[in-house]
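Chemist: One structure is given below, represented as structure tokens, and several questions about it will come after.
Each reported figure results from applying straightforward, stated rules to the coordinates on display, with no laboratory input. Keep in mind the model is a prediction, meaning the values are calculated, not measured. Cβ atoms come from the backbone with ideal geometry, glycine included; neighbour counts cover every protein chain shown.
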There are 2 protein chains.
Amino acid sequence: MGIEDRKQRHKEDLKATILRAAKELFLEKGFERTSMRNIAEKIEYSPATIYLHYKDKNEIFYALHQEGFKLLVNTFKTLSAVSDPFERLKAMGYAYINFATENPDFYQLMFVMSEPMSVLDLDAAKSWDEGQDAFLFLQNTVMECQTKGYFKGLEPNGFSFTIWCTVHGLATLRTSGHLEHVRQAKTNMADLEAVTNYTLQTYINVLERMK
Amino acid sequence: MGIEDRKQRHKEDLKATILRAAKELFLEKGFERTSMRNIAEKIEYSPATIYLHYKDKNEIFYALHQEGFKLLVNTFKTLSAVSDPFERLKAMGYAYINFATENPDFYQLMFVMSEPMSVLDLDAAKSWDEGQDAFLFLQNTVMECQTKGYFKGLEPNGFSFTIWCTVHGLATLRTSGHLEHVRQAKTNMADLEAVTNYTLQTYINVLERMK
DNA sequence: GTGATTTACTGAACACTGTTCAGTAGATTT
DNA sequence: AAATCTACTGAACAGTGTTCAGTAAATCAC
């Protein structure tokens, strides 16, 4: 059935084209300012056509949310090259904040907005695998650190989670603009980058003490 | 000019009525589902009237954002009664998370959404005093802890900030619903409350070690 | 008391939003 | 050639924040 195949291919092409257009618009203008009609206009189809491939806007959000996780996990994977686990942990912290800073819209989609996750909520079979994959990367590194004498006696799952909370907290304060208002209050810091790095460095100092 | 006074009073009354109605609707249905028309209907005025008292929706957001901070700072003030600074620090952590859990919409308004802050952005004279007040509470407690031998050698401002990042991270993961998805992955925890408390307790254990 | 002015307020509109659905043009099958 | 199926769309629905000309009533000046 070559004809069926060609049709199937075209269908998948269009679905991918929609996603690409959505992504470009989101990264360009942020999703607050990206509408279904904008996406439709970009791909030169009617808005209704999008709904033949995606149930609603949240399903597009979810698809991009997954793309974001691929990006993040890939970054983490390159850090496997760092053999010393504590050095790797530090590198992961910087990589995480870097990711959030350079892809604030992706970060929002992945860790802040609840809309993309609503796709999962209804389907109990699905779970948040992307999130767990990324978290296991952290947890494994923490456990390796423990074999080298760090974080003695701490339950790795819970402790890893507190680490995630800290960097996530910093990332959200930064991407939401609240960090900028904090910076304006303590005028000694020159720019956002400086405040971010200083905070992360301070936290690493704290972790370093836990040997 | 008694007439002027009466008019002024009525004007301020109406402004307060708008805010009260907005607050009730926000807490009732969340602000995603609260529109200017909803607020207008509740106070039995036309939508356009609201704009005579508030520049736009963000200005209402900002007013509620400030109310939220009064609430939080008041909670913190009652904790001044705890004399031991480390015990106070612990209590503040629980109070903070508790506040976020019981007032998720206020928390969103205060620490997650950037819209309310946009009122400040334009007016350079204004700064984020509310946020700074709350933060100073934390920083002072941390500094008191240092006199008792905790957190030796750590620069208090930066270190306090990492503490805020951690509890803020936990609070946002919880209110955004991401914590629930994490909980579903590690099935051993019964409910959200348990995960939250366990995480906070683990973090307190970490801090306790820093003596 | 009467006319002019100011104040408080509103109806209707503008330009959007996500989403649905009847209807159509064209390809494919019978 | 007629019937079916597929891919797609125009137009509508029910909303959103916001603006502005216009109105009714209160106040002021004479």
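Chemist: Quick check: from the Cα gyration tensor, does the stretch B:101-211 come out rounded (a/c under 1.5), prolate or oblate?
Modeler: Oblate is the answer for the stretch B:101-211, as a/c is 1.5 or above yet b/c matches or exceeds a/b.
Chemist: Something else about it: If you rank A:43, B:97, A:163 by fewest surrounding Cβ atoms within 10 Å, what's the result?
Modeler: A:43, B:97, A:163
Chemist: For the rotation bringing B onto A, which B residue has its Cβ nearest the axis, and at how many Å?
Modeler: Chain B residue with minimal Cβ-axis distance: B:169, 1.
Chemist: Could I have the simple spin-label model distance between residue B:127 and residue A:147, label points 7 Å from Cα toward Cβ, reported in nm to one decimal?
Modeler: Once both label points are built, they end up 4.9 nm from each other.
Chemist: Output the Cα-based Rg and Dmax of chain A in Å, rounding Rg to one decimal and Dmax to a whole number.
Modeler: 20.5, 69
Chemist: Express the Stokes-Einstein translational diffusion coefficient of the protein assembly as shown in µm² s⁻¹, to the nearest whole number, given a Kirkwood radius over alpha-carbon pairs, 10 °C and a viscosity of 1.306 mPa s.
Modeler: 67
Chemist: Here's something else I'd like to know. Using only Cα atoms, tell me the angle between helix A:192-209 and the longest principal axis of chain A; keep it within 0 to 90° and round to the nearest 10.
Modeler: Long axis of A:192-209 versus the principal axis of chain A: about 50 degrees.
Chemist: Which links in A:11/A:42; A:15/A:42; A:186/B:211; A:90/B:152; B:11/B:70; B:23/B:55 stretch past 20 Å when you go from one Cα to the other?
Modeler: Going by Cα-Cα distance, A:186/B:211; A:90/B:152; B:11/B:70 fall outside the 20 Å limit.
Chemist: Put a dot 7 Å past each Cα toward the Cβ at residue B:83 and residue B:209; how far apart are the dots in nm?
Modeler: Taking the two extended label points, one gets 3.1 nm.
Chemist: For chain B, take the longest principal axis of its alpha carbons; what is the angle in degrees between that and the long axis of helix B:129-147, to the nearest 10 within 0 to 90?
Modeler: 20
Chemist: List, shortest first and in nm to one decimal, how far the label point of residue B:74 (7 Å from Cα along Cα→Cβ) is from its counterparts in the other copies.
Modeler: Label-point distances to the other copies, shortest first: 5.1 nm.
Chemist: Using a simple spin-label model with points 7 Å from Cα along the Cα→Cβ vector, what separation in nm is obtained for residue B:94 and residue B:42?
Modeler: So the label points at residue B:94 and residue B:42 sit 3.3 nm apart.
Chemist: Another question about this same structure. Which residues does the label zone of residue A:198 cover in the stretch A:94-125, counting backbone N under 18 Å from a point 7 Å along Cα→Cβ?
Modeler: So the set is empty, nothing qualifies.
Chemist: By how many degrees, between 0 and 90 and to the nearest 10, does the Cα long axis of helix B:156-175 differ from the longest principal axis of chain B?
Modeler: Between helix and principal axis, roughly 70 degrees.
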